[in-house]
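Beneath this line is the structure, given in structure tokens, with notes to follow.
What follows draws every value from the coordinates through simple rules; no lab data is involved. Only a predicted model underlies this, so the values are computations on that prediction, with no experimental measurement involved. Here the Cβ is made from the backbone with ideal geometry for all residues, glycine too, and neighbour counts use every protein chain on show.
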Number of protein chains: 2
Amino acid sequence: MRIGIVGGGAIGLLVAAYLGKEYEVTVYTRRALQAKRLMDEGLLLEKKGETTCISLRAMPFAQAAIHDDIVFVTVKQYDMEAVLDSKDRFQHVRNVVFLQNGMGHVEKLASFAEKNVIVGVVEHGAIKRDDRTVEHTGIGKIVLASLYGTLQDVVPLAATCIPDFSFEIADDWEQMLVKKLIVNAVINPLTALLRVPNGKLLQVAPYYEMMKLLFSELQQVLPIKDREAAWKHIVSICQKTAKNYSSMLMDIAQQRKTEVDAILGYVLKKGDELGLSLPLVRFLFYAVKGMEEGGEKNG
Amino acid sequence: MRIGIVGGGAIGLLVAAYLGKEYEVTVYTRRALQAKRLMDEGLLLEKKGETTCISLRAMPFAQAAIHDDIVFVTVKQYDMEAVLDSKDRFQHVRNVVFLQNGMGHVEKLASFAEKNVIVGVVEHGAIKRDDRTVEHTGIGKIVLASLYGTLQDVVPLAATCIPDFSFEIADDWEQMLVKKLIVNAVINPLTALLRVPNGKLLQVAPYYEMMKLLFSELQQVLPIKDREAAWKHIVSICQKTAKNYSSMLMDIAQQRKTEVDAILGYVLKKGDELGLSLPLVRFLFYAVKGMEEGGEKNG
């Protein structure tokens, strides 16, 4: 089976590293230089202090005519437009798996509806060290659900037992994405603003109150079936990742663009559609936008 | 004229330094050691790189039977209870001026109503360097208004021209305190949370949006007569103090207790009385409380 991976970021390289051990993998990058390095030198996977080198194919996405059996699109939400605009690169592809945070991309995937379109959420921790090196910092899983068509071609993938890199199939794509979105909408902006590791949201009582206030606003706007389960899920993620810094906090600290548009921006858009003002979500949206502009650095 | 000053913090020492040049001043401190140092060594006032030494009297508040003509109470809101509980120390005093931030103390001052009770707001910047040294970092003024009785004994004070330390008389104590409270309720928690100097709230567009959101919530609950003027006042304070760090940000940075109870805590209490939920004020209240607990330090 041939696997294509669009995007050479942390998640793209992580998927490439694990699937590269089992299948023929090609990584489609934005920059030609990264593709060349991956081809020439191989991909390094770091885990618990050990490093493995995986050889694979790589080429710039802009030059690719993709022929893989399953293609994982791993670019960030804010880079999705460029991928969706290049739909003809996917004309020979039957199965496309989209691994973005947030839900803003879902309605745009209608243009892929003649294929098998699968959406997924990534519960791994991964940091890209350089163009050919990814560190697997948190072992989780990838959950997949069908948006259009059938899952039959990805089921073998889910059935293959790859150590530390398992797949799971979910029935309801919307509940799966909402569950992840809520975790991201609560933990990411709060930790970015308060500059604390995830566990502090549980350990410092007033921060826990802030989580509750924010969750109660999110409840008004997102289609959460089981509110208690959703809350418990947030708490369990804070516990499991207590010492980790959230991706949004790290993006701010390293002066990178965050995913706030895909997360809180999406929630605000839904709120506007429903005529809800969502003051806390709006406030946090502006806070993260301001921190992105570097308001704190140029004092 | 004899002037008493209760409290040996930044504001108490600042008032003592300037009035000590013109009048007989006694500072009533919480700690005996501070009183002794002030008596023995004098009070140092630093301004624009120059230092002046002022000699004055000082004694522990707990041992004082105050006989001054006008007494300034300069302790923080959270230390007011101890002062108000010692009302008999003031039994020979006709004029008491209260210089606290917030408005939580106002209703408690009814027990002083047989005296001339004056409330005031301090628009100076001052930092206490040590027990006998205060730096005057921002030259402003002190505005006074009558709460009970007459202002006649403090008018001569306001009429005396002390360079860099003028007094002004206001008609409406409530509008005067509300105007200051709003400035404190907007600038203090936002700068503390975002960790930026005051001017950034104007310079970073999303932070300006956060100010507007917070102001619109405060409007719902505080008796602001002229909303446009109140907003312009906030903006002008941000401009005038653009490079300064707010007292709340400095309190957090130096792991001191903040005045959040007197500021946002008071607003929340008013909101509860009116049945208003005030999500942003509550959220910020918890944020500052959490930062006080040191949630960020012990990561």
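Dividing the convex hull volume of the alpha-carbon atoms in segment A:2-171 by its residue count gives 101 Å³ per residue.
At an R0 of 35 angstrom, the distance between the Cβ atoms of B:Ala159 and B:Ala205 translates into a FRET efficiency of 0.20. Note the angle between two axes, namely the Cα long axis of helix B:32-41 and the longest principal axis of the Cα atoms of chain B, as a number of degrees from 0 to 90, rounded to the nearest 10. Roughly 60 degrees, rounded to the nearest 10. The peptide list B:240-246, A:189-195, put in order of mean Cβ contacts within 10 Å with the highest first, becomes A:189-195, B:240-246. Projecting the Cα atoms of A:Asn101, A:Thr150, A:Gln34 onto the dipole axis of chain A, where Lys and Arg carry +1 and Asp and Glu carry -1 at the beta carbon, places A:Gln34 farthest toward the positive end.
Rg then Dmax, both in Å and based on the Cα atoms of the protein assembly as shown: 30.5, 95. Between A:Glu273 and B:Ser55, the C-beta separation translates, for a Förster distance of 51 Å, into a calculated FRET efficiency of about 0.15.
If I fit a long axis through the Cα atoms of helix B:279-292 and take the longest principal axis of the Cα atoms of chain B, what angle between them do I get, 0 to 90°, rounded to 10? Its long axis makes an angle of about 60 degrees. For segment B:25-125, what log10 I(q)/I(0) values come out of the Debye formula at q = 0.18 1/Å, with one point per alpha carbon and no solvent? The calculated log intensity ratios at q = 0.18 Å⁻¹ are -0.96. Its relative contact order, with pairs defined as Cα atoms under 8 Å and 6+ residues apart, puts chain A at 14 percent.
Proximity of backbone amide H atoms, modeled 1.01 Å from N, is registered between B:Glu24 and B:Ile3 at under 5 Å, excluding neighbours fewer than 5 places apart on the same chain. Which angle between 0 and 90 degrees, to the nearest 10, do you get for helix B:227-240 versus the longest principal axis of chain B when only C-alpha atoms count? Computed tilt is about 70 degrees. Checked against a 32 Å cut-off, the cross-linked pairs B:Lys21/B:Lys200; A:Lys257/B:Lys48; A:Lys179/A:Lys200 give Cα-Cα distances beyond that limit for B:Lys21/B:Lys200; A:Lys257/B:Lys48. For an R0 of 35 angstrom, estimate the FRET efficiency from the Cβ-Cβ distance between B:Glu168 and A:Arg256 and round to the nearest 0.05. After rounding, the FRET efficiency stands at 0.10. Think of it as helices only: each DSSP H run of n ≥ 4 in chain A is worth -39500 (n - 2.57), and spread over all residues that comes to -12000 deg cm²/dmol at 222 nm.
Between A:Glu22 and A:Leu213, the modelled label-to-label distance comes to 4.6 nm, taking each label 7 Å out from Cα in the direction of the beta carbon. Note on chain B: with a GNM built from Cα contacts shorter than 10 Å, the maximum mean-square fluctuation among B:Ile118, B:Ile162, B:Ile187 falls on B:Ile162. Only aspartates and glutamates eight or more places from B:Lys212 in sequence, or on another chain, were considered; those with a Cα closer than 13 Å are B:Glu228. Packing around the peptides A:267-277, A:99-109, B:229-239, taken as the average count of other Cβ atoms within 10 Å per residue, puts them in this order, highest first: A:99-109, B:229-239, A:267-277. Note that segment B:104-255, at 25 °C in a medium of 0.890 mPa s, gets a Stokes-Einstein diffusion coefficient of 144 µm²/s from its Kirkwood radius over C-alpha pairs. With N as its number of residues, segment A:175-291 has a Cα radius of gyration that, divided by 2.2 N^0.38 Å, comes to 0.98. Summary value for segment B:175-291: 37 percent relative contact order, contacts being C-alpha pairs under 8 angstrom separated by 6+ residues.
For chain A, taking the reciprocal of the average inverse distance between every pair of different Cα atoms yields a Kirkwood hydrodynamic radius of 19.8 Å. Put a dot 7 Å past the Cα of A:Tyr148, heading toward its Cβ, do the same for A:Glu293, and the two dots end up 3.8 nm apart. For segment B:2-171, averaging the sequence separation of C-alpha pairs within contact (under 8 Å, six or more residues apart) and dividing by the residue count gives a relative contact order of 21 percent. Taking a point 7 Å out from the Cα of B:Lys232 in the direction of its Cβ, none of the residues of segment B:173-187 has a backbone N less than 14 Å from it. 3J(HN,Hα) couplings calculated from phi for segment A:245-257 with the Karplus curve 6.51 cos²θ - 1.76 cosθ + 1.60 (θ = phi - 60°) are, in sequence order, 9, 5, 4, 5, 4, 5, 4, 5, 4, 9, 6, 9, 5 Hz; Gly and Pro show x. Considering only B:Leu249, B:Leu280, B:Leu56, the mean-square fluctuation computed in a Gaussian network model of chain B, springs between alpha carbons under 10 angstrom, is largest for B:Leu280. Counting only aspartates and glutamates at least 8 places from A:Lys76 when in the same chain, those with an alpha carbon closer than 13 Å to its own are A:Asp251, A:Glu259, A:Asp261. Phi angles of segment A:19-29 translate, via the Karplus equation with coefficients 6.51, -1.76, 1.60 and θ = phi - 60°, into HN-Hα couplings of 6, x, 6, 10, 10, 7, 10, 10, 9, 9, 9 Hz per residue; Gly and Pro are given as x.
Set the Cα radius of gyration of segment A:129-180 against 2.2 N^0.38 Å, with N its number of residues, and you get 1.37. Backbone amide hydrogens, once placed in the peptide plane, bring A:Thr137 within less than 5 Å of A:Gly125, A:Ala126, A:Ile127, excluding anything fewer than 5 places away on its chain.
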